[in-house]
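Written out below as structure tokens is the structure these notes cover.
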Amino acid sequence: MAQVSNKQVVATRHITGSPIKSDMDLRTSTITLQLPPDASNAVLVKNLYLSCDPYMRGTKGKEVKRLFHSFNPDSPIVGYGVCKVVDSKHSGFKKGDLVWGVTKWEEYSVITLTDSLFKIEHTDVPLSYYTGLLGMPGMTAYAGFYEVGAPKKGDYVFVSSAFGAVGQLVGQLAKLMGCYVVGSAGSKEKVEILKNKFGFDGAFNYKEEQNLNATLKRFFPEGIDIYFDNVGGDTLEAALLNMRRRGRIVVAGMLSQYDLDEPQGIKNLMNIIFKQIKIEAFIVFDYYDKYPKFLETVVPYIKEGKITYMEDIAKGIENAPEALEALFTGRSAGKQVILVAHD
């Protein structure tokens, strides 16, 4: 059985704060390109693209109440990726299939938890899109906006971190539905892209605003119907003060200031401040059954040019640590992706 070298990005320790290059190390092991006979339901994949995602800030420590850990010392980093099946002991996947899901930051991976894998059927769009627009971030945007936000034409929508992989799509879906949309971002350049490329009605650089409450009142003099929250903190607090009656706050992922394992805590906070606002914290995994419906909606929009997307692709697994650091320092010029191999 053929053995090949396998470059890996390994966490050097438990990480506090946002990940930086020195928290990771590039190592080389070897791997056999054939699964053993007893590898029941496992698949061996070649990783093509790896995804850098904001949730990776929150899965790095020793805490046990996490969906999964991205960083385990002396082990390859765990995250989402696009892969090609090299060998399979699973009835649902065969050699040559393209898939996306949870994998490891290395050239080749053996995946035993195959429930996280989705077979890629639409190959006439860039494969890298399955790390973002057509992958977990895209599903987060779709489920949060349509299923949780319950939008109506004419709604006033505010999206924080609107330049991110989730925010880009939320804003464009809202515009396609006939909503008024404003987004926040971390630079003047990103603000201009939100308005001129993604079609937002307005946008602002949150780093330049002294009073976020006043800023939101300026953009939403009649209040906000839907706030899609990607950041929490001061922005969430300012949005609370500007929500309309029966407004909806959609909380995506895990926010540092609130324990989303206990959504009732957030709801209690909301009940103290406003009785007529609905807030719902959601986890995208609960909506993966709607993935076919999501594709039916979004893929045609992409092909018709109604949805655009920006990626920042770092070439080579050796550049993965720097790419992940860039995500958390605001240097990414779009959805941060790592190209490991073309095929």
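Yes or no, residue by residue, for (1) buried (at least 21 other Cβ atoms within 10 Å of the Cβ); (2) closer than 21 Å to GLY135 by Cα; (3) without any contact (Cβ under 8 Å) to a residue 24 or more places away in the chain; (4) more than 17 Å from the chain's Cα centre (by Cα):
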{"position": "ALA162", "(1), (2), (3), (4)": "yes, yes, no, no"}
{"position": "GLU189", "(1), (2), (3), (4)": "no, no, yes, yes"}
{"position": "GLU192", "(1), (2), (3), (4)": "no, no, yes, yes"}
{"position": "ASN205", "(1), (2), (3), (4)": "no, no, yes, yes"}
{"position": "ARG218", "(1), (2), (3), (4)": "no, no, yes, yes"}
{"position": "GLU222", "(1), (2), (3), (4)": "no, no, no, yes"}
{"position": "ASP225", "(1), (2), (3), (4)": "yes, no, no, yes"}
{"position": "ASP229", "(1), (2), (3), (4)": "yes, yes, no, no"}
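Restricted to the range 149-177, and to residues there that are touching a Phe, Trp or Tyr at 6+ places or on another chain (Cβ under 6 Å) and in a strand (DSSP E or B), the residue that is farthest from LEU212 (Cα to Cα) is TYR156.
So for the range 35-43 (the condition being closer than 30 Å to PHE163 by Cα, at pLDDT 95 or above and either assigned to a loop (DSSP other than H, G, I, E, B) or open to solvent by less than 10 Å² (accessible area, probe 1.4 Å) (or both)), does at least one residue qualify?
Here is the first cut: in the range 35-43, the ones closer than 30 Å to PHE163 by Cα are none.
The answer is no; no qualifying residue exists.
In the range 10-44, what residues are closer than 30 Å to VAL85 by Cβ and touching a helix residue (DSSP H, G or I) at 6+ places or on another chain (Cβ under 9 Å)? Listed by number, the residues that qualify are ALA11, PRO19, MET24, ASP25, LEU26, ASN41, ALA42, VAL43. Is it the case that some residue within the range 144-153 is closer than 27 Å to ALA185 by Cβ, among the acidic types (Asp, Glu) and touching a strand residue (DSSP E or B) at 6+ places or on another chain (Cβ under 6 Å)? There is no residue in the range 144-153 that is closer than 27 Å to ALA185 by Cβ, among the acidic types (Asp, Glu) and touching a strand residue (DSSP E or B) at 6+ places or on another chain (Cβ under 6 Å). Of the set (1) in contact (Cβ under 8 Å) with a residue 24 or more places away in the chain; (2) open to solvent by 10 Å² or more (accessible area, probe 1.4 Å); (3) among the aliphatic types (A, V, I, L, M); (4) more than 30 Å from ASN211 (Cβ to Cβ), all apply to VAL85 but (2). Would you confirm whether any residue within the range 190-197 is modelled with pLDDT under 95, outside any strand (DSSP E or B) and among the polar types (S, T, N, Q)? No, the range 190-197 has no match at all.
The values are calculated or read from the model by the stated rules, or taken from the named source; none is laboratory data. All values derive from a computational prediction rather than experimental measurement. Heads up, the Cβs are rebuilt from the backbone with ideal geometry, glycines too, and the neighbour counts pull from every protein chain shown. Note: accessible area is taken over every heavy atom of the protein model, side chains too, but ligands, DNA and RNA are not part of it. Shrake-Rupley method; radii C 1.70, N 1.55, O 1.52, S 1.80 Å.
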